[in-house]
Structure formats: structure tokens, C-alpha cells
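Below: the structure, in C-alpha cells.
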Amino acid sequence: MNSSNSITIGYWSTKGLGSVCRQVVIYAGHKLIARNYKLQPVIDNNNVSFDGSDWTNKDKIELKKKNSLINLPYMEIVDNEGNEHLISQSNACLLYLGRKFNMLGNTDVEKTRCDQLLFETNDLRSIITSFAYTHFQNIELEQEAAKEVFTKAFQKNDAGKMQKFEHWLSSNQNSIFLLNNNVSIPDFNLFDVLDFYIEFLKHYNFVDKQNNDEILSAVGYPKLNKFFIDFKSLPKMSKYFNSILYSLPYTNKSANFGSGIKGNKWDIKIQTDNTPFEIIL
């Protein structure tokens, strides 16, 4: 277990659900120990499967003795009183960090707004994640499914997920953040999800621009575009954006989208996973 000035977060060697937790720790100025477990491709008679024993046969065995619910992501932390905590489940990790760093609002009203925003961003993430891990029989079916994702996320009506956040930001004009003038857990979650959707928009040719700082405006969401730029410009986030953690793929190697170079599917013929097991920031 670590000292009280460092926090360990274990996840696959991808951004995924571990990315937001890692961002929060870096923003808060704590030492981050990021452990990265590799999903290994296995080829048998031209059939490809994936082996997760780098996690299941190693650290998971010992960690499970301390927490029977253990899974990825997990977080190891020592609080200010010297108590050791081993936490699993991404939302549980995020909520713990939010309480620790006062990023969940101050009043009951703010805390409730924070909850709504967090769960709404999770809904937005689930749309693209479900698509990313679906394998299609042909490119035509994949393109049709991509259009459905675009419609669910970007349609300009009350059912559109992005529209909800665009309106929310429009009503909070005096702040670059979602909750008043202070950064909160949903800010990290929203940025991370937007970053994934931007790659989706480029990869499936929903925009003709390649500059990430212009893409959300190009599909009609200037407030979200500004939020994306402002968040990425936060001085406390520069360590994350300049690190290998930000260059990790969005999804794991078993995914159909987001697991390879520039959103492409992981190609075992040309790609190798050289992510260090432990990255300290």
C-alpha cells in the first residue's frame, strides 16, 4: 500500500474507465501511480482471442483477499488518518476522490446537480462504448450503426445527449465548468467522453475537420467545444496531457473501434503494446 501522498490506480493499458480517476488525482496535485495491465491477443488457427491473465493471474489474486469485489479499475489509497483503502468500481473510485478533493459540490443542491451530471455523462459514455465493442459482419452494418450513435448523441432535440449539455452550459455562462465556478468530478467525465466522441466523428467522417479544437463546433455544439478547449487548457492538467496516459487508446484490444491508431481497430500484425506496467506522475 502507498504513502498518504500517492494514489495508485490500476486499469487496462487503455484510457477507458480508469482515465477519469487518473485525471482527477493529477489535477489535485497528488502523486499518481498508474498500473497498466495488458490484454494479450492470442492467435489460434487464424482465430483471435484475448487473454487477460496479466490481471487475473497476478495482482487480482492478492487484491481479492483484501476486497472481494475487486476489479478494474481499482484504487489504493492511504487517507490522512493512515487508514488504507482498496476501492473498486469506477463510480465508487470517482465519488471517493470527489469527497476527498471537494469536487462534488458544497451544498445539497450542488451535490444533487453533481450527481445528475455524473450519471448523465455515464449515459453518454455507454452509447459509444457499446458501439465500440460491437463487431459487425461488414462495413455497411458498421456505418449504419455509427449513424445511429451519431443520432442518439448529436440530434438537435430533447432526446439528444449532447444537446442537454449544450443547454446546461448555456445556462451557466459565468463559468467554464459544469458546476458554478469550481471544477467537479463531472467535468473530468465529460471531457473524457467528448474526447472519445471527437475521434468517433473524425473516424466515421461526420466532419471534414481534423483539428480537435474545432470539431464539436462543426457539428453544432459551440458551448461544448469551448468547454473542451478550456478544460484542456487548465494548467493543472498539463501533466496528464503531456504524458503517455493521454496517448493510450480509448478502448481495449478486443474492441472494434478506438483500440488502435487514430480510432482504428487494434491490428496485431503491426501494433505492439509497449505501455509500461507502472507510470508515475
State yes or no: is Ser217 surrounded by fewer than 20 Cβ atoms within 10 Å (Cβ to Cβ), farther than 30 Å from Asn102 by Cα and either outside the structural domain of Cys114 (by TED's automatic domain parsing) or free of Cβ contacts under 8 Å to residues at least 24 places away in the same chain (or both)?
-> yes
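For Phe165, indicate whether it is under 26 Å from Leu248 (Cβ atoms) and assigned to a loop (DSSP other than H, G, I, E, B).
Numbers: under 26 Å from Leu248 (Cβ atoms): yes; assigned to a loop (DSSP other than H, G, I, E, B): no.
Considered against the rule, which asks whether it is under 26 Å from Leu248 (Cβ atoms) and assigned to a loop (DSSP other than H, G, I, E, B), Phe165 comes out as no.
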Given the conditions (1) assigned to a loop (DSSP other than H, G, I, E, B); (2) of a type in the set (D, E, K, R); (3) over 26 Å from Lys31 (Cα atoms), every one holds for Lys202 apart from (1)
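Quick one: is Asp187 surrounded by fewer than 18 Cβ atoms within 10 Å (Cβ to Cβ) and not assigned by TED's automatic domain parsing to the domain that holds Leu17? Give the steps one after another, and end with the answer.
Numbers: surrounded by fewer than 18 Cβ atoms within 10 Å (Cβ to Cβ): no; not assigned by TED's automatic domain parsing to the domain that holds Leu17: yes.
Against the criterion (surrounded by fewer than 18 Cβ atoms within 10 Å (Cβ to Cβ) and not assigned by TED's automatic domain parsing to the domain that holds Leu17), Asp187 does not qualify.
From the residues in segment 28-60 that are of a type in the set (S, T, N, Q) and at pLDDT 90 or above, which one is farthest from the chain's Cα centre (by Cα)? Give the derivation first.
Let us first name the residues in segment 28-60 that are of a type in the set (S, T, N, Q), namely 36, 40, 45-47, 49, 53, 56-57.
Now restrict to residues that are at pLDDT 90 or above: 36, 53, 56-57.
Working: Asn36: 14, Ser53: 23, Thr56: 22, Asn57: 25 Å.
Per the criteria, the residue is Asn57.
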The condition of being more than 21 Å from the chain's Cα centre (by Cα) and under 30 Å from Ser49 (Cβ atoms) holds, among Asn122, Asn138, only for Asn138
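Does Val207 fit the bill of being surrounded by 13 or more Cβ atoms within 10 Å (Cβ to Cβ), of a type in the set (Val, Ile, Thr), modelled with pLDDT under 95 and more than 28 Å from Leu104 (Cβ to Cβ)?
Working: surrounded by 13 or more Cβ atoms within 10 Å (Cβ to Cβ): yes; of a type in the set (Val, Ile, Thr): yes; modelled with pLDDT under 95: yes; more than 28 Å from Leu104 (Cβ to Cβ): yes.
Answer is yes for this residue.
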Would you check if Ala146 is outside any helix (DSSP H, G or I) and either of a type outside the set (Lys, Arg) or touching a strand residue (DSSP E or B) at 6+ places or on another chain (Cβ under 7 Å) (or both)?
-> no
Just give me the residues in segment 190-248 being under 17 Å from the mean Cα position of the chain (by Cα) and either on the phi > 0 side of the Ramachandran plot or charged (D, E, K, R) (or both), in sequence order.
-> Asp192, Asp195, Glu199, Lys232, Lys239
All but one of (1) at pLDDT 95 or above; (2) farther than 24 Å from Gly220 by Cα; (3) of a type in the set (Asp, Glu) hold for Glu144, so report the exception by its number.
-> (2)
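Hey, does segment 212-235 have a residue that's closer than 30 Å to Asn47 by Cα and touching a Lys or Arg at 6+ places or on another chain (Cβ under 9 Å)? Talk me through it step by step, then tell me what you get.
Kept after step one, since they are closer than 30 Å to Asn47 by Cα, are these residues of segment 212-235: none.
No.
Name the residues in segment 217-266 that are hydroxyl-bearing (Ser, Thr, Tyr) and either at pLDDT below 90 or within 19 Å of Ser130 (Cα to Cα) (or both), would you?
Pass one, segment 217-266, residues hydroxyl-bearing (Ser, Thr, Tyr): 217, 221, 233, 238, 240, 243, 246-247, 250-251, 254, 259.
Selection gives Tyr250, Thr251, Ser254, Ser259.
Could you list, in sequence order, the residues of segment 1-27 that are of a type outside the set (A, V, I, L, M, F, W, C) and either modelled with pLDDT of 90 or more or on the phi > 0 side of the Ramachandran plot (or both)?
Thr8, Gly10, Tyr11, Ser13, Thr14, Lys15, Gly16, Gly18, Ser19, Arg22, Gln23, Tyr27, listed by residue number.
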Going by the conditions given, is Val25 of a type in the set (A, V, I, L, M, F, W, C), in contact with a Phe, Trp or Tyr (Cβ under 9 Å, 6 or more places away or on another chain), free of Cβ contacts under 8 Å to residues at least 40 places away in the same chain and outside any loop (DSSP other than H, G, I, E, B)?
-> no
Taking segment 252-281 and keeping only residues that are part of a loop (DSSP other than H, G, I, E, B) and touching a strand residue (DSSP E or B) at 6+ places or on another chain (Cβ under 9 Å), one is left with Asn252, Lys253, Ser254, Trp266, Ile268, Asp273, Thr275, Pro276, Phe277, Leu281
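The values are calculated or read from the model by the stated rules, or taken from the named source; none is laboratory data. Being a predicted model, the structure only gives us computed values, none of them experimental. When we count neighbours, we look across all protein chains shown, and the Cβ atoms used for this are built from the backbone with ideal geometry, even at glycine.
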